[in-house]
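Presented below is the structure to which this report refers.
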Amino acid sequence: MKKLIILLFLFLISLPSIFAQLEDETNEDTVADILTLYFQTIGQDKLLETNTYLSKGKIVQGQFEIPFTSYNKRPMFYKLEAEFQGMKIITGFDGSSGWSINPMMGSPDPQPMTAEEVERTKLQADYDGMFYNYADKGYKVEFVDKESVDDIEVYVLKLTTPTDDIITSYFDTENNVILKTSSKMMIQNVETDFDMYFSNYKYVDGILLPYSMETKVDGKTVMNMILEEVTYNVDMPDSIFEMPQSSSPSDSTGTE
């Protein structure tokens, strides 16, 4: 009994150093454990076997419904086409540079993305998702804590990009899917915060996707994106992601 008491005493006095070691060593392991369960749940291995996917759905903003088609191709090709009041709004990205056509901004011609817009689009265009091989992409991921989202217990992971954008993701501890992301980004030198909520998860070819995505700013819903159809391994030539030629007359001049 005396030996047991001594052993217990020695264990108790060593707890601070044990906990210090755990805190130093387990954050990365905790991140790996959470992401391993997440990848297993969403079918990351199945996604890695695909090369393209095409999504169709609608964006709901107030009383407006805007149909869209999204094209994604490995590793980071991305194109979004939406139609609003008879006008086509298009964004294209080839992994390093991008462009957009938005007649509502006063011009029907394609406009190149700024460096800031390119960095934002890289996150959206990443075919395998920002968490897959995140360190190779220059991202840092940390386990923050356990919290709750709408009374559902979640693990909280914070991802920081090389440009110091911060995306905090909330993983359902039971179902191993992302319920919410909170983003803090500098947009045109203004720090902007917004939240995205993910729901209505469905499997397509063994890959789990959220069919409903709600964006909130300051707690108010500003947009809902609803998927209606997702198809993998659709033929997509690289050329569809290239910036088209300007439709405006040439500005060149000559002499007679």
Could you go through region 98-115 and let me know if any residue there is surrounded by 18 or more Cβ atoms within 10 Å (Cβ to Cβ), acidic (Asp, Glu) and in contact (Cβ under 8 Å) with a residue 40 or more places away in the chain. no
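I need the strands (runs of 3 or more DSSP E) fully contained in region 30-87, keeping only those with at least 1 residues that are of a type in the set (Asp, Glu). Explain how you work it out, then say what you get.
Values: elements: 52-61, 64-73, 77-84.
Qualifying strands (runs of 3 or more DSSP E): 64-73, 77-84.
Considering only region 96-118, state which residues are more than 23 Å from Lys56 (Cβ to Cβ) and in a loop (DSSP other than H, G, I, E, B).
Listed by number, the residues that qualify are Ser96, Ser97, Gly106, Ser107, Pro108, Asp109, Met113, Thr114.
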Starting from region 27-47, keep only residues that are free of Cβ contacts under 8 Å to residues at least 40 places away in the same chain, then list their pairs with residues that are assigned to a helix (DSSP H, G or I) and not hydroxyl-bearing (Ser, Thr, Tyr) whose Cβ atoms are within a distance under 9 Å, requiring at least 6 positions of separation or different chains. Asp45/Phe39
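Evaluate the following for Lys73: is it touching a residue at least 24 places away in the same chain (Cβ under 8 Å), crowded, with 17+ Cβ neighbours inside 10 Å and among the charged types (D, E, K, R)?
Values: touching a residue at least 24 places away in the same chain (Cβ under 8 Å): yes; crowded, with 17+ Cβ neighbours inside 10 Å: yes; among the charged types (D, E, K, R): yes.
Against the criterion (touching a residue at least 24 places away in the same chain (Cβ under 8 Å), crowded, with 17+ Cβ neighbours inside 10 Å and among the charged types (D, E, K, R)), Lys73 qualifies.
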All conditions in (1) within 26 Å of Asn72 (Cβ to Cβ); (2) open to solvent by 30 Å² or more (accessible area, probe 1.4 Å); (3) at pLDDT 95 or above; (4) in a loop (DSSP other than H, G, I, E, B) are true of Glu228 except (4)
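With respect to Met130, is the statement that it is under 30 Å from Glu174 (Cβ atoms) and surrounded by 13 or more Cβ atoms within 10 Å (Cβ to Cβ) true?
Working: under 30 Å from Glu174 (Cβ atoms): yes; surrounded by 13 or more Cβ atoms within 10 Å (Cβ to Cβ): yes.
So Met130 passes the test.
Any idea how many residues of region 147-195 are part of a strand (DSSP E or B) and either at pLDDT 85 or above or surrounded by 14 or more Cβ atoms within 10 Å (Cβ to Cβ) (or both)?
Within region 147-195, the first condition is being part of a strand (DSSP E or B), and the residues that meet it are 147-149, 152-160, 166-172, 178-187, 190-195.
Adding the requirement that they be either at pLDDT 85 or above or surrounded by 14 or more Cβ atoms within 10 Å (Cβ to Cβ) (or both) leaves 147-149, 152-160, 166-172, 178-185, 194-195.
Of the residues in region 147-195, 29 are part of a strand (DSSP E or B) and either at pLDDT 85 or above or surrounded by 14 or more Cβ atoms within 10 Å (Cβ to Cβ) (or both).
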When the residues of region 196-222 are filtered to those that are among the β-branched types (Val, Ile, Thr) and exposed (fewer than 14 other Cβ atoms within 10 Å of the Cβ), which remaining residue is modelled with the lowest pLDDT? Val217
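The values are calculated or read from the model by the stated rules, or taken from the named source; none is laboratory data. Note that the coordinates shown come from a computational prediction; the quantities given were computed from them, not determined experimentally. Reconstructed Cβ throughout: ideal geometry from the backbone, glycine too, with neighbour counts over all protein chains shown. Please note that ligands, DNA and RNA were not included when accessible areas were found on the heavy atoms of the full protein model with its side chains. Shrake-Rupley method; radii C 1.70, N 1.55, O 1.52, S 1.80 Å.
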